[in-house]
Amino acid sequence: MKPVSGLVAIGLTSLLLWTSPSAQADDALTIGTASPAGVYHLAGRAICRVVDIPCNAESSDGSSANLRALRQGEVEVALAQSDIHFYAVNGSEAFQEAGPDTGLRSLFSLHSEPFTLVVRRDSGIEGIDDLVQRSVNIGNPGSGQRGTMLRLMDARGWSRSSFRVVNDLPADQQSMELCHGNIDAMVYTVGHPNPSVAQAIRLCNAALIDVEGDTIDRLVEAYPFFSRTWIAGGLYGPDQPAVRTFGVRATLVASAHADPDTIYRLVAGVFDNFQRFKAYHPAFGMLTPEAMIRDGLTAPLHEGALRYYREQEWIADEAMTAELTH
């Protein structure tokens, strides 16, 4: 692995991205992202800014919709959460009826989306075991935060009756419920910094709590789409410490039918302009090439991406190549 220099300074202006006129061309490569207000859409636009091919970041309904569109040939490249990526490859969960997607290919992973535990400071909650018999928001049905929490509950041997109250609020409502004292804790699987988390900390002096221990070790070992991660200190104020947790990753994927030269140029554009790319959002600040070509990837690497990684000597031997392409 070739060395990569440290983090660059990140300003608010990095969030104000634009897409060049060439990216609007009819023959532009389209990247499926998610809501225009989310990090996925910003990531897609940032990629388009650093590549030397016509490129357009297109908003969508998110990971599952992106993977269905990719499979149907509606887009060639898309962003997807690593657990949804895993389900598509294996034909499980929401992809059971469609079956395994043998044409899905990985390019690289992006920012981590940490499982974030936010609590009222007066709640006495100092770790995940303290959630028992508390009022907890686990997220609305179908949300990523709820899916991750349910897996954690299963690994810990918890059911809904393990809590005093279980709330099913969507992410845009949970911080105010925490502030009003209607819940003691909320969980969120999200890239940071995040406005909902910032609101809870700013308005009701909430705190972020480490999520670690034997249960987390077992989860990371059992599910390849989970990895250990952290939330950087100082994102929500000078006194906010770094937080250790686990989570999923955003991944960039493509169709196996996507042109290898186009994919090569896309991958090269990101890594050849790596510090510039990382400056587009704080969530990208801790990215490293080593983690990006391994973490959260279930589908085999696309041949265009693999060619670039070999040239950079980031894939050093045949055994590693076989591991990443099968």
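Derivation of every value follows stated rules applied to the coordinates shown; laboratory data play no part. Keep in mind the model is a prediction, meaning the values are calculated, not measured. Don't worry about glycine lacking a Cβ; one is built from the backbone with ideal geometry, like all the others, and counts go over all protein chains shown.
Local charge sum around residue 246 (other residues, Cβ-Cβ under 10 Å, Lys/Arg +1, Asp/Glu -1)? Before the final figure, lay out the partial values.
Values: positive: 228, 244; negative: 212, 217.
Residues near residue 246 contribute 0 overall.
Couplings 3J(HN,Hα) for the stretch 213-219, derived from phi with the Karplus relation 6.51 cos²θ - 1.76 cosθ + 1.60 (θ = phi - 60°), are x, 4, 4, 5, 4, 5, 4 Hz, where x marks Gly and Pro. Here the dipole of the chain is about 660 debye; that uses its Cα centre as origin and unit charges on the Cβ of Lys and Arg (positive) and Asp and Glu (negative).
In order along the stretch 159-165, phi translates into HN-Hα couplings of 10, 4, 6, 6, 10, 5, 9 Hz, rounded to whole numbers, per the Karplus curve 6.51 cos²θ - 1.76 cosθ + 1.60 with θ = phi - 60° and x for Gly and Pro. Near the amide H of residue 169, within less than 5 Å, lie the amide hydrogens of 138, 139, all on another chain or at least 5 residues away, with H placed in the peptide plane.
Available extension along the chain between residue 35 and residue 132 is 31.5 nm, counting 0.36 nm per residue and deducting the alpha carbon span.
What does the net charge come to around residue 63 if you take all other residues with beta carbon closer than 12 Å to its beta carbon, with K and R at +1 and D and E at -1? Could you put the intermediate results ahead of the total?
On the way: positive: 68, 249; negative: 61, 83, 93, 113.
Neighbour charge sum, excluding residue 63 itself: -2.
Rounded to the nearest 0.05, the FRET efficiency derived from the C-beta distance between residue 217 and residue 27 at R0 = 56 Å is 0.70.
In this structure the amide hydrogen of residue 229, modeled in the peptide plane, comes within under 5 Å of the amide hydrogens of 245, 246, 247, none closer than 5 places in sequence on its chain. The charge dipole of the stretch 120-162, taken about its Cα centre with unit charges on the Cβ atoms of Lys, Arg (+1), Asp and Glu (-1) only, comes to about 180 debye. Residue-wise HN-Hα couplings along the stretch 298-314, as the Karplus relation 6.51 cos²θ - 1.76 cosθ + 1.60 with θ = phi - 60° gives them from phi, are 9, 5, x, 5, 5, 4, x, 5, 4, 4, 5, 5, 5, 4, 7, 6, 7 Hz; Gly and Pro carry x. In this rough spin-label picture, where each label sits 7 Å from Cα along the Cβ direction, the residue 155-residue 74 distance is 3.3 nm. Note on residue 198 and residue 256: the model spin-label points, each 7 Å out from Cα along the C-beta direction, lie 4.3 nm apart.
Under 5 Å from the amide H of residue 113 lie the amide H atoms of 248, 249, 250, each residue being 5 or more positions distant or on a separate chain, with H modelled from the backbone and absent for Pro and chain starts. FRET efficiency for the residue 97 to residue 239 pair, using the beta carbon distance and R₀ = 45 Å, is estimated at 0.35. Within the shell of other residues whose beta carbon sits under 12 angstrom from the beta carbon of residue 195, the net charge comes to 0, with Lys and Arg scored +1 and Asp and Glu -1.
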